[in-house]
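Take a look at the structure below.
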Amino acid sequence: MSLVEYTTEGAVALVTLNRPPVNALNAELAMDIAAALAEASDPAIRALVIRGSKHFAAGADIGRFVDAFSSDSNEEMASEVAQTIVQLEEMAKPTIAAISGYALGGGLELAMGADFRYMAEDAKVGQPEINLGIIPGAGGTQRLPRIVGYQRAKEMNFSGRHVGAAEALELGLADKVVSREQLLEVAMADAAKWAAGPTLGYAAVKRSMNGGWGRPIEDALATERRVFNEVFRTADAEAGITAFLNKEKPDFEGR
């Protein structure tokens, strides 16, 4: 993982993109992120924070687009990035994208794969692909409407404009906005709180919401019931219910 730094702090994994100067996404970086996410799938890791070394990720490596006109390299890169985002989205534990600087194009698409997005006050996000005559290829036309709403997502994709952190918070695209100096500290502290919770319960919420989204209500409710029955049989569910009845604080072990 030469382009990604992977460290742990207790039960929290920290994945740091490190492809200067702006962490432009290419197939190699996407594969390194995927490798870090695979390492974080260890049950001992119960939450994850992903960030960039300075900028979160300022889009795709556009310099490689020229070669793609005469080859399939761009399709391969887009596929690697898209698969990595799905891998992040489906992680069976809470995830936070800590965004400073730019998260544009594929960078914002990557951040949208996380459960939560914390932004520094100076962060800028957006889907500027339209300015190149193209569209997002890793979820920008699909995940963005689910987060900010259809019409706002359409405007962002049509305009390609940069959205500041304050507006992102209003749109629901950011969950918290803090100073750049506080960003990592706040993200890691909140991740540690998630890591002490019912990990399998969080994973069940994600499976239920992702599995039911956009489906007819009866199908979505059936998905919810199935996932409820699965999580009800976990040790954490027993611990939580027993602690409630005994008026005690539950000790969740993530199993």
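A few points about this structure:
- Per-residue extension of 0.36 nm, minus the Cα-Cα distance of residue 243 and residue 42, leaves a gain of 69.7 nm for this segment.
- Once the Cα-Cα distance is subtracted from the 0.36 nm per residue extended length, the residue 159 to residue 92 segment shows a gain of 20.7 nm.
- Take each peptide in 148-160, 12-24, count the other Cβ atoms within 10 Å of every residue, and average; sorted highest first, the result is 12-24, 148-160.
- Computed helical MRE - 222 nm, the chain, DSSP H runs ≥ 4 contributing -39500 (n - 2.57), nearest 500: -14500 deg cm²/dmol
- Spread over its residues, the convex hull of the C-alpha atoms of the chain is 136 Å³ per residue.
- Here the Karplus relation 6.51 cos²θ - 1.76 cosθ + 1.60, evaluated at θ = phi - 60°, turns the backbone of the stretch 5-12 into coupling constants of 9, 10, 9, 10, 9, x, 8, 10 Hz, with x for every Gly and Pro.
- Site pair residue 62 and residue 192 shows an inter-label distance of 4.0 nm when each label is modelled 7 Å from Cα along Cα→Cβ.
- Bridge orientation summary for the stretch 4-195: considering DSSP beta bridges with both residues in this region, about 25 percent are antiparallel.
- Distance between the pseudo-spin-label points of residue 225 and residue 2 (7 Å out from Cα toward the beta carbon): 5.4 nm.
- Backbone N atoms of the stretch 131-158 closer than 20 Å to the 7 Å Cα→Cβ label point of residue 209 belong to residues 139-153.
- In sequence order, the stretch 235-246 has phi-based couplings of 5, 5, 5, 4, 5, x, 5, 5, 5, 4, 5, 8 Hz under the Karplus curve 6.51 cos²θ - 1.76 cosθ + 1.60, θ = phi - 60°, and Gly or Pro positions carry x.
- In terms of the mean number of neighbouring beta-carbon atoms within 10 Å, the peptides 84-96, 31-43, 224-236 order highest first as 84-96, 31-43, 224-236.
- Over 22 Å (Cα to Cα) - which of 54/154; 206/247; 54/193; 54/176; 93/154 fall in this group: 54/154; 206/247; 54/193; 93/154
- Computing FRET efficiency as 1/(1 + (r/R0)^6) for residue 182 and residue 218, where r is the C-beta to C-beta distance and R0 is 45 Å, gives about 0.50.
- The value for the stretch 199-245 of Rg(Cα) / (2.2 N^0.38 Å) is 1.26.
- Mean-position separation - Cα centroids, the stretch 121-144 and the stretch 1-61, in angstrom: 20 Å
- Angle between the chain longest axis and helix 199-212 axis [Cα atoms, degrees, rounded to 10]: 60 degrees
Here, each number is a calculation from the coordinates, and none is a lab measurement. Quick caveat: nothing in here was measured; it's all calculated off a predicted structure. Backbone-built Cβ (ideal geometry, glycine too); neighbour counts: all protein chains shown.
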